[in-house]
Amino acid sequence: MYERYLSAASTYAHSIDHLFILIAALVGFWLIAAETMMFVLIFKFRAKPGRPTQYITGEEKHLKRWITIPHALVLVCDVVIIVGAISVWYHIKQDFPAPDETVRVIGQQWAWSFQQAGPDGVMDTADDIRSVGELHVKVDTTYRFDLISRDVVHSFAVPAFRLKQDALPGRTISGWFRPNKVGTYDIQCTQMCGLGHGLMAGRIIVETPQDHAAWLMRNSNPAVAALPPAVPAPTADANAILAEVRR
Ligand SMILES: [Cu+2]
């Protein structure tokens with residue numbers, strides 16, 4: 001339904017969309033019902049010449065029903081929303097499927113950088129691929145991400161995946177996603193993280209297995225792989241990363 005405005009490119013995107021539609025429908029129904037009732041009563045009981053004002057305490061049984069019955073029905077809707085929300089939360093945030101690949105996501109003022117295994121398939125080895133502002137992933141592959149922050153609170157968001165997770169300094173927070181549609185999608189930081197917050201955008205590129213294998217080979221030159229890992233220092237390289245993002 002939302003895909004006209006925002007593509008859905010992960011396996012759980014539709015679960016989030018369905019939850020939003022459920023909440024909008026239930027809350028929207030009661031909003032329209034209550035507002036309609038209010039305006040009907042205002043119109044029906046407006047001041048008219050010769051009609052005396054009625055003083056109503058609202059304590060009579062037949063009047064109280066107008067409160068108690070909708071109240072009970074709204075509580076039933078609340079329970080439906082809570083059950084829906086918990087089941088989606090559990091599916092996305094608690095119940096991790098076995099990952100095919102792992103990627104490290106690093107937030108720092110003001111760029112996202114990524115580390116993933118090179119052709120050897122093992123993290124933290126010389127052929128790892130590090131990138132800034134651009135993450136390449138393979139379609140129909142379950143990724144586990146380990147999210148860290150080097151400085152302040154950031155929030156890693158991929159709207160097309162319906163993925164959002166805060167990054168907290170001093171903690172590694174894990175999550176997962178499984179892209180199911182080839183394309184290029186936005187990465188955002190959705191937590192005000194300083195002056196350059198608005199610059200902290202990136203792209204996630206979902207590729208076919210062939211394109212991903214080609215990218216992997218192109219970016220892990222054996223000569224580069226032989227060098228010691230070049231993790232950018234948190235502060236020294238911040239300007240270089242910023243310049244990269246602005247380019
Ligand atoms: Cu940020």
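Find, among the trypsin sites (Lys or Arg not before Pro) in the stretch 111-215, those assigned to loop by DSSP (not H, G, I, E, B) with at most 13 other beta-carbon atoms within 10 angstrom.
When the trypsin sites (Lys or Arg not before Pro) of the stretch 111-215 are filtered for loop state and at most 13 Cβ neighbours within 10 Å, Arg171 remain.
Treating cross-link reach as a plain straight distance, find the lysines whose alpha-carbon is under 18 Å from the alpha-carbon of Lys164, omitting any fewer than eight places away in the same chain.
Candidates past the 8-residue exclusion: Lys93.
If I compute solvent accessible area with a 1.4 Å probe over the protein chains, what percent of it on the chain is carbon and sulfur? Walk me through the intermediate numbers first.
Working: 9570 of 15070 Å².
The C+S portion of the solvent-accessible surface of the chain is 63 percent.
What FRET efficiency do you get for Ile69 and Phe39 if R0 is 22 Å and r is their Cβ-Cβ distance, rounded to the nearest 0.05?
0.65
Dipole magnitude of the chain about its Cα centre, charges +1 at Lys/Arg Cβ and -1 at Asp/Glu Cβ only, in debye to the nearest 20?
With only Lys, Arg, Asp and Glu charged at Cβ, the dipole is about 1420 debye.
Taking the Cβ-Cβ separation of Thr184 and Ile81 as r and a Förster radius of 25 Å, what is the calculated FRET efficiency to the nearest 0.05?
Numbers: r = 34 Å, r/R0 = 1.36.
Once rounded, the FRET efficiency stands at 0.15.
Hey, can you grab everything whose amide H is under 5 Å from the amide H of Gly194? Only 5+ residues off in sequence or another chain; H modelled, so Pro and N-termini drop out.
Hits under the 5 Å cutoff: none.
Which percent, nearest 5, of DSSP beta bridges in the stretch 91-179 are antiparallel? Show your work: numbers first, answer last.
On the way: 20 of 28 bridges.
Here the share of antiparallel DSSP bridges comes out near 70 percent.
What helices does the chain hold that run 20 Å or longer along their axis, going by alpha-carbon atoms, with a Kyte-Doolittle average of 1.6 or more, using DSSP H for the helix calls?
Qualifying helices, which must be both long enough and hydrophobic enough, are 13-44.
I need the phi-derived Karplus couplings for the stretch 198-205: 6.51 cos²θ - 1.76 cosθ + 1.60, θ = phi - 60°, integer Hz, Gly and Pro marked x.
Ordered by residue, 3J(HN,Hα) equals x, 8, 7, 9, x, 10, 10, 10 Hz.
For the chain, what does -39500 (n - 2.57) per DSSP helix run (n ≥ 4), summed and divided by total residues, give at 222 nm, in deg cm²/dmol to the nearest 500? Intermediate results must be reported in sequence, preceding the final value.
Details: 5 runs with 86 residues, N = 247.
Mean residue ellipticity, 222 nm, calculated: -11500 deg cm²/dmol.
Excluding ligands, DNA and RNA, what is the solvent-accessible area per residue of the chain at a probe of 1.4 Å, expressed in Å²?
On the way: 15070 Å² over 247 residues.
That works out to 61 Å² for each residue.
Anyone know which of His14, His62, His136 comes out most mobile in the 10 Å Cα GNM of the chain?
Largest GNM mean-square fluctuation: His62.
How large is the dipole of the stretch 60-105 about the Cα centre if only Lys and Arg carry +1 and Asp and Glu carry -1, each at its Cβ, rounded to the nearest 20 debye? Spell out each step's value before the answer.
Values: 5 positive and 5 negative charges, 80 e Å.
Dipole size: approximately 380 debye.
The values are calculated or read from the model by the stated rules, or taken from the named source; none is laboratory data. Worth saying up front: this structure is predicted, and the values here are computed from it rather than measured. All Cβ positions, glycine included, derive from the backbone under ideal geometry; neighbour counts span all protein chains shown. What goes into the accessible areas is simple: the full protein's heavy atoms, side chains included, and nothing from ligands, DNA or RNA. Shrake-Rupley method; radii C 1.70, N 1.55, O 1.52, S 1.80 Å.
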